[in-house]
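The values are calculated or read from the model by the stated rules, or taken from the named source; none is laboratory data. This one's a predicted model, so the numbers in the text were calculated from it and none came from an experiment. Cβ sites come from the backbone with ideal geometry, for glycine too, and all protein chains shown count toward neighbours. Keep in mind that these areas ignore ligands, DNA and RNA; they rest on the heavy atoms of the full protein, side chains included. Shrake-Rupley method; radii C 1.70, N 1.55, O 1.52, S 1.80 Å.
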Amino acid sequence: MKYPRVLQVLTHSPGTMVGVTLVVVHVIATLFAPLLIPFEVTKIVGPVLSSPGSVEHWLGTDNIGRDYLSRLLMGGRTSIFVAMVAITFAIMFASLIAISAAYVGGIYDDVVMRIVDTKLAIPGILFIALIVTGFGRSILALIVAISLSYLPGAIRIIRSHALTIIPLGFVETAKLRGDSLYRIIWNELVPNCQEIIAVEFALRMSSSILTVSALSFLGLGISPPTPDWGLMISEGVKNIHTHTWLVLLPAAFISSLVIGLNLASDGLANALGLDAARGIN
Amino acid sequence: MFWILIRRLTLSLLILFLAAVFVFMATEVLPGDALDVFLTADDLAVMEVEEIEEMRRDFGLDRPAWVRFWDWFSGVLVGDFGKTFIHEVPISEIIWHPLINSLLLGAVITTITFPFALLIGILTGYRRGSQEDIIVSTTAIVGYSIPDFVIGTCLIIVFAVWMPLFPAVIIAFSDSSPGELLAVSLLPALTVIIGHIAHQSRLLRAGFIETMNSEFVERVRLSGIPESRVIFRHALPASVIPMLNSFAMYIAGVLSGLVVVEKVFGYPGLGRELIEAVSRREVHVVQAITFLSATLVIVMNLLADFAVIILDPRVRSLKS
């Protein structure tokens, strides 16, 4: 693969550069947030709803008197963690299932695709709401629900890509050489699906961060008192007429993260010659 | 062609059945039965074992899972979704008005989304690689990156707090007249439309570029037909196929989006009902709403499949 060329294309598009910069800033801020924050995030440390600009609380305090800046900086950690773990599992399993289904074909492929179709018929948030209702509201249930919810879409995309590779000569050669099923999948097919898997990971990652924050906003995701941008917005709405910034700041944080991720993954997809528009679910 | 239609229909029915199995399993089999989900730890602490067993018998939950599934599924087919735990109200009664209200909002969203998506998709696809195309494409990415609930809340801030043109919370009841609901559906619809236009116009752009590069468009061009006719009469029908192929995803996206905007604006639809049902742990209501949504997605997808068969001669002539 021509990675230096990919890097060149990535750095040549201004949109992609903006995206990568946003993601890098967010990653650094999220990683170092525990060292930067002046107050503990769940502790009541000041008066209720104090205005920003004071020496002690730079961005003021929230509706029960917790330091707003600290909560804002820590507000992405849980949802990013949930999205990371869930999508890593989803893409790993999706790749294995998709590639083996495409190669083996037959009844196995049919069964996999009917299950995929079934999941795709159930809208994402309703699917997760169903699982959260059944298994209770916890981080683990959330990770499992999101992982399951993103699995089928990824299977469909990776499978259709694998189907274009399988008729190529080198797969046939490996078969004639007498390679085992396992070796063909692992040594021939997986490396040739790398690019689509990378793009899928990037796209699903940004989409799942949106989903986690939407779920938290709805009261189905991360539970209080954990600081989370989605939750902070739903708490801030109560005082929207007087304290607009309590809503606008977390809104800006979550939006800039997802915009950054999507610009970066779109640039990555373009650089690899794949069409990002068809991969979004 | 007839057999392709029959095949698609059978497949849709199979998927509908599998969706029913999944919805039932996720709430009534794997985590224990509906009562296990409904009762909290606090309830269990104060209730006697005999009391719980009696409740279980009352709701018929002491029967084997497959009997309960069949009972539920045969009810669902005739529109009977069972009763709620609290007050034992028939669920079909609870969700009837919200369903109509959500369909109304979904229809408003769809009628605004597609004309704009078509226009933007053709313009950017036709002038591919131009400055305008890059600007519009980047704006589209930004458009679907901002969470629905953020856009909704920002619209409230602008149009209800800074410029008090609309009320911040919708005052409409689930049995309000369609006219009243239409009047309050503007901001909720606007909230999700931005993302949908962004996404659909990108799909159309991709399809349009592919069609314009194809041999048949080249031939039509060479025959000396005016460019506008080439675009609208010949290229456009073929370009909407990627859009139709992902129509199921669009409908699923609208339904997911409705859950969020209905919560943001307090619109009396299925999404708001769902969130309330989840918080009250009314398993059967959650089941009913999820299954209805899946049905809607499957039916719409089937219609889109038929449209593709009519539009695309390659699919039509496929002998499978």
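Residue count for the stretch A:208-224, restricted to those that are at the interface with chain B (Cβ under 9 Å from one of its Cβ atoms), open to solvent by 10 Å² or more (accessible area, probe 1.4 Å) and not aliphatic (A, V, I, L, M): 3.
Of the residues making up the stretch A:77-100, not a single one is free of Cβ contacts under 8 Å to residues at least 24 places away in the same chain and not in a helix (DSSP H, G or I). The residue that is nearest to the other protein chains (Cβ to nearest Cβ), counting only those in the stretch A:230-258 that are of a type in the set (A, V, I, L, M), open to solvent by 30 Å² or more (accessible area, probe 1.4 Å) and within 23 Å of the chain's Cα centre (by Cα), is A:248. Would you check which residues across the stretch B:159-212 are among the β-branched types (Val, Ile, Thr) and at pLDDT 85 or above and list them? Scanning the stretch B:159-212 gives B:191, B:192, B:193, B:194, B:197, B:209, B:211.
Restricted to helices (runs of 4 or more DSSP H) entirely inside the stretch B:263-320, those with at least 1 residues that are over 21 Å from the mean Cα position of the chain (by Cα) and touching a residue at least 12 places away in the same chain (Cβ under 8 Å) are B:283-311, B:313-316. Checked against (1) more than 23 Å from residue A:265 (Cα to Cα); (2) more than 22 Å from the chain's Cα centre (by Cα), residue B:132 meets all criteria but (1).
So is residue B:256 among the hydroxyl-bearing types (Ser, Thr, Tyr), free of Cβ contacts under 8 Å to residues at least 24 places away in the same chain and open to solvent by 50 Å² or more (accessible area, probe 1.4 Å) or not? Against the criterion (among the hydroxyl-bearing types (Ser, Thr, Tyr), free of Cβ contacts under 8 Å to residues at least 24 places away in the same chain and open to solvent by 50 Å² or more (accessible area, probe 1.4 Å)), residue B:256 does not qualify. Note on the stretch B:295-320: residues that are modelled with pLDDT of 90 or more and either of a type in the set (Asp, Glu) or touching a Pro at 6+ places or on another chain (Cβ under 8 Å) (or both) total 1.
Would you check which residues across the stretch B:87-117 are among the polar types (S, T, N, Q) and more than 30 Å from residue B:58 (Cβ to Cβ) and list them? Listed by number, the residues that qualify are B:101, B:102, B:110, B:111, B:113. Residues that are open to solvent by 10 Å² or more (accessible area, probe 1.4 Å) and within 13 Å of chain B (Cβ to nearest Cβ) within the stretch A:66-112 comprise A:110, A:111, A:112, listed in sequence order. When residue A:33 is tested against (1) touching a strand residue (DSSP E or B) at 6+ places or on another chain (Cβ under 8 Å); (2) at pLDDT 75 or above, only condition (1) is not met. Tell me whether the stretch B:174-181 contains one or more residues that are free of Cβ contacts under 8 Å to residues at least 40 places away in the same chain and of a type in the set (A, V, I, L, M, F, W, C). No, the stretch B:174-181 contains no residue that is free of Cβ contacts under 8 Å to residues at least 40 places away in the same chain and of a type in the set (A, V, I, L, M, F, W, C).
State which residue is farthest from the other protein chains (Cβ to nearest Cβ) when the search covers only the stretch B:209-268 and only residues that are of a type in the set (S, T, N, Q) and closer than 20 Å to residue A:124 by Cα. Ranking the qualifying residues of the stretch B:209-268, first place goes to B:245.
Residue A:227 fulfils the conditions (1) buried (at least 24 other Cβ atoms within 10 Å of the Cβ); (2) facing chain B (nearest Cβ under 9 Å); (3) over 21 Å from residue A:156 (Cα atoms) except for a single criterion, (2). Of the helices (runs of 4 or more DSSP H) lying entirely inside the stretch A:113-180, those carrying at least 2 residues that are buried (at least 24 other Cβ atoms within 10 Å of the Cβ) and either touching a Ser or Thr at 6+ places or on another chain (Cβ under 6 Å) or not small (Gly, Ala, Ser) (or both) are A:124-135, A:139-165. When you scan the stretch B:38-87, how many residues do you find that are open to solvent by less than 40 Å² (accessible area, probe 1.4 Å) and among the small types (Gly, Ala, Ser)? Of the residues in the stretch B:38-87, 5 are open to solvent by less than 40 Å² (accessible area, probe 1.4 Å) and among the small types (Gly, Ala, Ser). Taking the numbered list (1) modelled with pLDDT under 85; (2) within 14 Å of another protein chain (Cβ to nearest Cβ) in turn, residue A:181 passes all entries but (2). Number of residues in the stretch B:203-218 that are of a type in the set (A, V, I, L, M) and open to solvent by 90 Å² or more (accessible area, probe 1.4 Å): the value is 0. Within the stretch B:22-29, one or more residues are open to solvent by 40 Å² or more (accessible area, probe 1.4 Å) and more than 25 Å from the chain's Cα centre (by Cα). Among the residues of the stretch B:221-237, those identified as in a helix (DSSP H, G or I), out of contact with any Phe, Trp or Tyr (no Cβ under 8 Å at 6 or more places or on another chain) and open to solvent by 20 Å² or more (accessible area, probe 1.4 Å) are B:221, B:222, B:227, B:228, B:229, B:232, B:233, B:237.
Residues in the stretch A:263-280: is at least one β-branched (Val, Ile, Thr) and either part of a helix (DSSP H, G or I) or more than 8 Å from every other protein chain (Cβ to nearest Cβ) (or both)? No, the stretch A:263-280 contains no residue that is β-branched (Val, Ile, Thr) and either part of a helix (DSSP H, G or I) or more than 8 Å from every other protein chain (Cβ to nearest Cβ) (or both). Taking the stretch B:131-155 as the range and being within 7 Å of chain A (Cβ to nearest Cβ) and among the aliphatic types (A, V, I, L, M) as the test, the residues that pass are B:141, B:142, B:146, B:150.
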